[in-house]
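Undergrad: Take this structure, written in structure tokens, and hold onto it; I'll ask about it next.
The values are calculated or read from the model by the stated rules, or taken from the named source; none is laboratory data. Please read these numbers as outputs of a predicted model, since none were measured by experiment. Heads up, the Cβs are rebuilt from the backbone with ideal geometry, glycines too, and the neighbour counts pull from every protein chain shown. Surface areas here come from the heavy atoms of the whole protein model, side chains and all, with no ligands, DNA or RNA. Shrake-Rupley method; radii C 1.70, N 1.55, O 1.52, S 1.80 Å.
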Amino acid sequence: MTDTARWREIVASTLDWEQAHVGLDRALEELPTQLRGRRPGGAPFSIWEELEHIRIAQRDLLDFCRDPDYEHDLAWPGDYWPTSPEPPSPGAWDESLEGIRRDRDALKRWTVEAEVDLTSEIPWGTGQTYLRTILTALDHAAYHTGQIVLIRKLLGAWG
């Protein structure tokens with residue numbers, strides 16, 4: 001017999017764990033402000049672009065899971081990326097990080113508390129399950145966190 005509550009807690013914990021790689025907070029630790037918007041030679045994105053992309057996509061996935069009135073308004077790829085390699089204002093960096101943390105925590109809570117079978121299809125989706133969507137949020141954030149580490153290495157600002 002499966003302990004559903006424990007299983008949900010494990011899935012929720014994966015959204016910010018550091019079992020096989022560094023987490024987002026560690027990837028951004030001690031990053032010099034002047035490097036946030038810099039694209040190293042030939043790299044398609046800056047750390048700011050990666051960070052804001054994580055926020056936008058994670059928010060979309062959270063809304064998709066829990067909002068029965070969800071309408072997919074974002075066009076791929078343009079609406080999922082910021083328009084500039086640099087944060088548009090001094091506060092944009094902190095706002096993006098705060099949004100990521102807030103929405104990640106909301107997705108974790110929803111994963112544990114939602115009164116739906118996580119393996120069931122999302123009624124307003126096109127065949128996606130709740131679990132698939134949660135795992136997509138986890139995988140997406142982990143992938144782009146790795147990209148942040150790579151950009152930092154290319155900028156000479158990692159370990």
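Undergrad: Output the residues belonging to the range 29-56 that are open to solvent by 20 Å² or more (accessible area, probe 1.4 Å) and in a helix (DSSP H, G or I).
TA: Those that are open to solvent by 20 Å² or more (accessible area, probe 1.4 Å) and in a helix (DSSP H, G or I): Thr33, Gln34, Glu52, Arg55, Ile56.
Undergrad: Taking the range 101-133, which residues are within 20 Å of Asp25 (Cα to Cα) and in contact with a Leu (Cβ under 9 Å, 6 or more places away or on another chain)?
TA: Across the range 101-133, the qualifying residues are Arg101, Asp103, Arg104, Asp105, Ala106, Leu107, Lys108.
Undergrad: So, Glu30, is that one modelled with pLDDT of 95 or more and under 15 Å from Thr83 (Cβ atoms) or not?
TA: Against the criterion (modelled with pLDDT of 95 or more and under 15 Å from Thr83 (Cβ atoms)), Glu30 does not qualify.
Undergrad: Going through the range 85-103 one residue at a time, which ones are of a type in the set (Ser, Thr, Tyr) and either modelled with pLDDT under 95 or out of contact with any helix residue (DSSP H, G or I) (no Cβ under 6 Å at 6 or more places or on another chain) (or both)?
TA: Ser89
Undergrad: For residues that are farther than 18 Å from Arg39 by Cβ and open to solvent by less than 40 Å² (accessible area, probe 1.4 Å), scanning just the range 78-98, find the one that is farthest from the chain's Cα centre (by Cα).
TA: Gly91
Undergrad: Further question on the same structure: Tell me whether the range 62-80 contains one or more residues that are in contact (Cβ under 8 Å) with a residue 24 or more places away in the chain and either of a type in the set (Val, Ile, Thr) or within 25 Å of Arg152 (Cα to Cα) (or both).
TA: yes
Undergrad: Would you check which residues across the range 102-130 are surrounded by fewer than 17 Cβ atoms within 10 Å (Cβ to Cβ), over 24 Å from Glu52 (Cβ atoms) and not polar (S, T, N, Q) and list them?
TA: Val112, Glu113, Ala114, Glu115, Val116, Asp117, Glu121, Pro123, Trp124, Gly125, Gly127
Undergrad: A follow-up question, please. Can you give me the number of residues within the range 61-77 that are outside any loop (DSSP other than H, G, I, E, B) and open to solvent by 50 Å² or more (accessible area, probe 1.4 Å)?
TA: Residues flagged as outside any loop (DSSP other than H, G, I, E, B) and open to solvent by 50 Å² or more (accessible area, probe 1.4 Å) within the range 61-77 amount to 1.
Undergrad: Mind listing whichever residues of the range 1-29 are free of Cβ contacts under 8 Å to residues at least 12 places away in the same chain and not hydrophobic (A, V, I, L, M, F, W, C)?
TA: Once the filter is applied, which keeps residues that are free of Cβ contacts under 8 Å to residues at least 12 places away in the same chain and not hydrophobic (A, V, I, L, M, F, W, C), the range 1-29 yields Thr2, Asp3, Thr4, Arg6, Glu18, Gln19, Asp25, Arg26, Glu29.
Undergrad: For Asp105, work out the one condition from (1) in a loop (DSSP other than H, G, I, E, B); (2) within 12 Å of the chain's Cα centre (by Cα); (3) of a type in the set (Asp, Glu) it doesn't fulfil.
TA: Only one criterion is unmet by Asp105, namely (1).
Undergrad: Of (1) outside any loop (DSSP other than H, G, I, E, B); (2) in contact (Cβ under 8 Å) with a residue 40 or more places away in the chain; (3) polar (S, T, N, Q), Ser84 satisfies all except one. Which?
TA: Answer for Ser84: the failing condition is (1).
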